[in-house]
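Below is one structure, written out as structure tokens; the observations come after it.
Only the coordinates and a few stated rules stand behind these numbers; no lab work does. Being a predicted model, the structure only gives us computed values, none of them experimental. Cβ placement follows ideal geometry from the backbone for every residue including glycine, while neighbour counts extend to all protein chains displayed.
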Amino acid sequence: MALQILDEAVNVSICKIDTEGKDISVIKGLHAYLDAQVIDYFIFEYQDLSYSEINRILIANHYTIYPMVRNKNSLVNSLDNYPKNSKPLLNCIAVSSKKKNKFIKLFRIE
């Protein structure tokens, strides 16, 4: 079931998705919210099988994805920059284009 935006003034600061492997279904179901750009941040689990599709959908809707380095309290700007000596990637955060500059300054992302 897809959600519909009932009020144009709606804004969602953070959408945390934790659906044990079904995150892509949730992202697809939120297409109206993505189109309207009313969600500032998504936090979702990294999964090899669905990451590229989630990445494609979010980038197409003007989000930037940052992998969250486990137990280090830091972010990296791509999977390629994830530290090899860290625990395996677990979560990512996607930032809307309207919040990106502030987010980059806050977390000192290069």
Hey, got a sec? Which trypsin sites (Lys or Arg not before Pro) in region 55-99 land in a DSSP loop and have at most 13 other Cβ atoms within 10 Å? K72, K84, K98
Whether region 12-107 is rounded, prolate or oblate, judged on the alpha carbon gyration tensor where a/c under 1.5 counts as rounded: oblate
Per-residue ellipticity at 222 nm attributable to helices in the chain (runs of n ≥ 4 DSSP H, -39500 (n - 2.57) apiece, nearest 500 deg cm²/dmol) works out to -7500 deg cm²/dmol
